[in-house]
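Engineer: Mind looking over this structure? Questions follow.
The values are calculated or read from the model by the stated rules, or taken from the named source; none is laboratory data. Bear in mind the structure is a predicted one, so any value in this text is a computation, not a measurement. No Cβ is skipped: glycine too gets one built from the backbone with ideal geometry, and neighbour counts run over all protein chains shown. Remember, those area values only see protein heavy atoms, side chains included, never the ligands or the DNA or RNA. Shrake-Rupley method; radii C 1.70, N 1.55, O 1.52, S 1.80 Å.
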Amino acid sequence: MEKIKKYKTAGFLLDRLHIVQNAHGFIDEHSLELIADELNMSKGEVYGAATYYKDFIVQRNGIKNNNIKNSVNLSENNHKASDNKLSVANDDVFSKTKFVFKRVGKVNPLSLDDYKNQHGFKGLENALSLITPIIFSGGKSSVSSAVNTGSDKNTKIIIDILKKSGLKGRGGAGFPVGIKWETVLNANISRIKEAEYNNIKCNINFNLHNKIDSAENKVNNNKKVNNDINYNNDINSNVINISDNLLNEKENQRINNREAEHSEKYIVCNGDEGDEGAFADRLILEYDPFMLIEGILIAAFTICAEYGFIYVRSDYKNGIEKLQNAIDLCYKSNYLGNNILNTGHSFDLKIIAGGGNYVCGEETALLESIENRRGMVRVRPPVPAVSGLYGKPTILNNVTTFASVAYIFGWLNINPDLSLDLIGIKDKDEEDENKEENKYKYKDEEKGDKDIKFNDKQVLIEVQDKEDIKFYDKPDLKYFDKLNVPKVPFPFQLSGAVKFPGLYELDNDISLKELLYEFGGGPLQDNMQFKAVQIGGPLGAFFPLYGDYTDEFLNIKLTYEEVAKKAGMLGHGGILVYAEDVDIKNILDKTLDFCIEESCGKCAPCRIGSVRLKELFERIFKSNRDDNIKNDNLKVIYEILATMKYLSLCGLGSGITLPIESLLKYFGDEIFI
């Protein structure tokens with residue numbers, strides 16, 4: 001009941017606040033009380049959250065507290081995104097997009113049939129054919145028990161494929177998706193086993209201590225009768241036997257109980273896309289929402305999660321509407337809900353509209369927001385993959401990442417005949433004869449019967465009475481090698497002073513020059529030149545594109561490693577280009593204001609450091625070019641930046657150092673002119 005209650009109330013606070021705000025234009029005190037009662041929270045907790053989120057205007061004692069800020073536009077949280085229709089009419093751009101975004105503008109986002117007719121849900125079908133090969137390769141056996149266990153080792157084939165694809169998260173950090181999912185899949189098991197083992201061992205040692213005392217008394221008494229009998233050896237052997245038997249029996253029983261209790265896992269999709277120049281997630285939400293759902297379903301089957309949440313930026317109203325329509329259609333068509341596609345697995349999916357805070361795009365702040373609290377970052381470790389939503393292991397990726405997973409599995413070339421290689425059927429006629437050798441066989445018409453082994457161990461599944469199915473470590477490596485796992489190009493989002501802004505799916509070995517000139521078409525105006533480029537969103541570094549620096553940065557390869565070598569980050573792939581008439585000092589001011597405005601305030605380095613940086617720069621600007629004042633204050637500025645970089649809790653405080661330091665390094669003369 002606790003799990004159901006948590007699922008039903010997840011994101012409830014934001015939902016209710018949005019309803020009241022949309023109905024009245026503000027949040028009144030009576031509504032705060034009603035929400036508090038419904039959520040079993042104090043009025044102060046609800047008031048604190050409502051005043052924290054920028055989407056809401058809260059009325060208290062007749063005075064309205066307007067949180068909505070329009071002065072800082074770096075996060076695009078200016079509440080105009082819903083009014084600006086995202087155009088995909090540029091065929092010259094999207095004709096080059098043949099991968100994850102290939103259906104954008106070419107499929108009806110409100111039609112499930114249209115999606116399925118264009119290779120939709122093929123990825124889910126392929127994933128299930130690997131996880132549950134009997135039901136998807138023509139067999140008649142039920143696999144519901146195998147799918148529902150959640151810790152079945154057959155799902156590791158999904159992890160292995162993701163690792164082989166080399167897919168990295170598209171949210172900014174670039175963490176390998178396969179490793180993250182594997183961490184969630186394996187979470188709790190080793191910790192539970194170790195804790196239970198120690199607990200059982202302590203109990204057994206206590207019991208054995210009493211048994212040893214009584215045994216020693218017995219020995220002493222018997223020695224008086226017969227000194228030739230040595231009972232010490234008997235005591236030791238009996239103790240060992242008792243210890244082993246009790247440990248094995250109790251350990252297995254209690255570990256199984258705890259694994260069942262702690263097997264709860266969640267799927268969370270981060271759709272709180274707030275960076276300036278970022279629109280990849282929005283494209284998926286508005287033009288291909290079924291692909292997002294498909295990727296989330298693959299994740300749910302992989303770790304056997306029953307509940308999922310999509311946290312979407314609140315002013316993506318068009319995207320939220322289309323995504324909700326897609327979710328409703330999936331429920332009607334048995335892609336969501338109970339017993340999905342007759343696999344026995346159930347999964348529910350819910351949309352949560354955010355509160356307008358940029359920091360809620362940070363994974364732990366997002367989880368706090370879903371749990372009906374202020375979206376403030378958590379201290380890590382533990383990471384969400386180990387202790388995420390409600391303290392449970394959680395797969396947390398962004399929209400484009402889940403869509404990329406759907407693409408990878410959708411284009412796997414799986415031969416139904418070869419998929420039988422995943423099935424090791426125990427021959428019932430030879431069951432007793434082969435019991436000791438534990439041989440498992442599969443049927444192949446061309447090659448005949450053959451033992452399946454992995455690292456000299458029989459693997460895959462054992463079918464008993466065609467209903468009791470178990471899955472083992474890994475599928476046959478020969479079959480795995482035959483899978484042609486596609487690589488997913490990186491989605492570069494080009495915007496700013498270029499002729500052809502748009503999303504380009506390209507290999508990472510492309511240079512910045514190729515992206516800006518061959519795909520972007522060069523400067524927006526022929527009589528102007530590029531001056532700077534910011535890579536990776538508002539927390540990315542600024543690189544000069546003029547003078548002596550031109551060739552150095554135009555020739556940079558757009559990979560995580562190469563950009564990092566230049567003291568930058570690739571992030572989500574946002575490339576924002578500035579023309580030569582841009583005011584660099586104004587960019588610095590906006591960057592400082594952005595950090596102050598969007599800091600959640602939990603950690604002192606970010607909360608205090610961002611304000612002090614602004615004050616120190618203003619002191620320099622008011623000094624009338626006094627070099628001594630400038631140098632003294634710059635020294636303190638760099639000290640604060642170093643403190644923020646290494647001591648801030650999340651990427652906002654530590655990441656703001658990249659744009660500020662790069663602006664000082666490459667454009668310092670212009671800033672302090």
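Engineer: Are any residues in the stretch 520-567 assigned to a helix (DSSP H, G or I), among the hydrophobic types (A, V, I, L, M, F, W, C) and within 30 Å of the chain's Cα centre (by Cα), and if so, which ones?
Structural biologist: Result: Val563, Ala564.
Engineer: Looking at (1) touching a helix residue (DSSP H, G or I) at 6+ places or on another chain (Cβ under 8 Å); (2) in a helix (DSSP H, G or I); (3) surrounded by fewer than 24 Cβ atoms within 10 Å (Cβ to Cβ), which is the only condition Leu367 fails?
Structural biologist: (3)
Engineer: I need a count of the residues in the stretch 504-524 that are in contact with a Ser or Thr (Cβ under 9 Å, 6 or more places away or on another chain), more than 16 Å from Asn555 (Cβ to Cβ) and open to solvent by 60 Å² or more (accessible area, probe 1.4 Å).
Structural biologist: The qualifying residues number 0.
Engineer: Being part of a loop (DSSP other than H, G, I, E, B), open to solvent by less than 30 Å² (accessible area, probe 1.4 Å) and in contact with a Phe, Trp or Tyr (Cβ under 7 Å, 6 or more places away or on another chain): is that true of Gly355 here?
Structural biologist: Judged against the criteria, Gly355 is a match.
Engineer: Another question, if that's okay. With the condition kept exactly as written, say whether any residue in the stretch 607-629 is touching a Ser or Thr at 6+ places or on another chain (Cβ under 7 Å) and within 30 Å of Leu512 (Cα to Cα).
Structural biologist: Among the residues of the stretch 607-629, not one is touching a Ser or Thr at 6+ places or on another chain (Cβ under 7 Å) and within 30 Å of Leu512 (Cα to Cα), which makes the answer no.
Engineer: Within the stretch 592-601, can one find any residue that is open to solvent by 70 Å² or more (accessible area, probe 1.4 Å), among the charged types (D, E, K, R) and assigned to a helix (DSSP H, G or I)?
Structural biologist: no
Engineer: Could you give me the residue pairs with C-beta distances under 6 Å whose first residue belongs to the stretch 363-388 and is within 22 Å of Arg170 (Cβ to Cβ), whose second residue is in a loop (DSSP other than H, G, I, E, B) and open to solvent by 40 Å² or more (accessible area, probe 1.4 Å) wherever it lies, and which are 6+ apart or on separate chains?
Structural biologist: Going by the 6 Å Cβ cut-off, the qualifying pairs are Thr364/Arg378; Val377/Lys602; Val377/Leu649.
Engineer: Please go through the stretch 649-672 and give me each residue that is farther than 16 Å from Phe594 by Cα and surrounded by 15 or more Cβ atoms within 10 Å (Cβ to Cβ), ordered by number.
Structural biologist: Selection gives Leu649, Ser662, Leu664, Tyr666, Phe667, Ile671, Phe672.
Engineer: Let me ask something else about it. Might you let me know whether the stretch 113-132 holds any residue that is farther than 19 Å from Asn413 by Cα, at pLDDT 90 or above and open to solvent by less than 60 Å² (accessible area, probe 1.4 Å)?
Structural biologist: yes
Engineer: I would also like to ask the following. Let me confirm something: among Ala260, Ala305, Ala278, Ala300, which residue is surrounded by 24 or more Cβ atoms within 10 Å (Cβ to Cβ) and modelled with pLDDT under 90?
Structural biologist: Within the list Ala260, Ala305, Ala278, Ala300, the selection yields Ala278.
Engineer: So, in the stretch 508-549, how many residues would count as being of a type in the set (Gly, Ala, Ser) and closer than 21 Å to Asp589 by Cβ?
Structural biologist: Number satisfying all stated conditions: 5.
Engineer: Looking at Leu14, is it at pLDDT 90 or above, open to solvent by less than 80 Å² (accessible area, probe 1.4 Å) and under 26 Å from the mean Cα position of the chain (by Cα)?
Structural biologist: yes
Engineer: Among the residues of the stretch 199-213, is there at least one that is under 28 Å from Asn398 (Cβ atoms), part of a helix (DSSP H, G or I) and either at pLDDT below 80 or not charged (D, E, K, R) (or both)?
Structural biologist: Among the residues of the stretch 199-213, not one is under 28 Å from Asn398 (Cβ atoms), part of a helix (DSSP H, G or I) and either at pLDDT below 80 or not charged (D, E, K, R) (or both), which makes the answer no.
Engineer: For Val582, state whether it is among the β-branched types (Val, Ile, Thr), over 26 Å from the mean Cα position of the chain (by Cα), at pLDDT 90 or above and assigned to a strand (DSSP E or B).
Structural biologist: no
Engineer: Only one of (1) part of a loop (DSSP other than H, G, I, E, B); (2) modelled with pLDDT of 95 or more fails for Gly571. Which number is that?
Structural biologist: (2)
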